[in-house]
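Asks: I am attaching a structure below and will ask some questions about it afterwards.
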Amino acid sequence: MRASTIDKLCCPFDKNELELTSISKDLEGKIIEGFLSCKKCKRIYPIMKGIPIMNPDEYREFKLEAPLMEKWSQYLKGKKVENFRLIADDTGVNSLGK
Ligand SMILES: [Zn+2]
């Protein structure tokens with residue numbers, strides 16, 4: 001998925017702008033891994049194998065995404081993902097694994 005394509009994407013829920021965090025790219029600069037986050041509803045949409053996962057909440061499985069979020073935790077800027085939303089973690093580092 002190219003960054004220019006992602007630019008045209010908006011949040012399917014509130015049509016708000018999405019912020020892209022790219023984690024890995026291929027040789028052509030296409031984004032292979034990363035995530036999009038909505039500034040308004042705080043939802044986070046992972047990009048896996050170049051494909052953004054933008055399903056409605058009820059079609060998403062947190063169990064499948066949790067390992068990714070853990071792997072990407074350094075990119076979440078100290079926030080945590082709850083109910084597919086990227087929220088500030090005010091409970092500190094001890095909340096890991098709960
Ligand atoms: Zn949104």
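The values are calculated or read from the model by the stated rules, or taken from the named source; none is laboratory data. As the structure is a prediction and not an experimental result, all values here were calculated from the model. Because the Cβ atoms are built from the backbone with ideal geometry, glycine has one as well, and the counts that use them run over all protein chains shown.
Asks: Taking only pairs six or more apart or across chains, which ones have beta-carbon atoms under 9 Å, a first residue in segment 13-39 that is in contact (Cβ under 8 Å) with a residue 12 or more places away in the chain, and a second residue that is of a type in the set (S, T, N, Q) and part of a loop (DSSP other than H, G, I, E, B)?
Replies: From segment 13-39, the pairs are Cys38/Asn16; Lys39/Asn16.
Asks: Still on this structure: Take the residues in segment 35-51 that are more than 20 Å from Glu82 (Cβ to Cβ) and either among the small types (Gly, Ala, Ser) or outside any loop (DSSP other than H, G, I, E, B) (or both), then tell me which one is nearest to the ligand (Cβ to nearest atom).
Replies: Looking at residues that are more than 20 Å from Glu82 (Cβ to Cβ) and either among the small types (Gly, Ala, Ser) or outside any loop (DSSP other than H, G, I, E, B) (or both), I get Ile51.
Asks: Quickly run through segment 61-81 and pick out the residues that are free of Cβ contacts under 8 Å to residues at least 40 places away in the same chain and under 13 Å from Thr21 (Cα atoms).
Replies: Met69, Ser73, Gln74, Leu76, Lys77
Asks: Filter segment 40-52 down to residues that are without any contact (Cβ under 8 Å) to a residue 24 or more places away in the chain and of a type in the set (D, E, K, R), then give me how many there are.
Replies: So the count comes out to 1.
Asks: Answer with yes or no whether Lys63 is at pLDDT below 95, exposed (fewer than 13 other Cβ atoms within 10 Å of the Cβ), among the charged types (D, E, K, R) and not in a loop (DSSP other than H, G, I, E, B).
Replies: yes
Asks: Please state which of the following conditions Met54 fails to meet, knowing it meets all the rest: (1) within 16 Å of the ligand (Cβ to nearest atom); (2) exposed (fewer than 11 other Cβ atoms within 10 Å of the Cβ).
Replies: The one condition Met54 does not meet is (2).
Asks: Another question, if that's okay. Which one of the conditions (1) in contact (Cβ under 8 Å) with a residue 24 or more places away in the chain; (2) closer than 13 Å to Phe84 by Cα; (3) outside any strand (DSSP E or B) does Glu58 fail to meet, given that it meets all the rest?
Replies: Every listed condition holds for Glu58 apart from (1).
Asks: Please specify each residue of segment 1-29 satisfying the condition of being surrounded by 16 or more Cβ atoms within 10 Å (Cβ to Cβ) and either more than 18 Å from Ala66 (Cα to Cα) or away from the ligand (no atom under 16 Å from the Cβ) (or both).
Replies: Met1, Ile6, Cys11, Leu18, Leu20, Ser22, Ile23, Lys25
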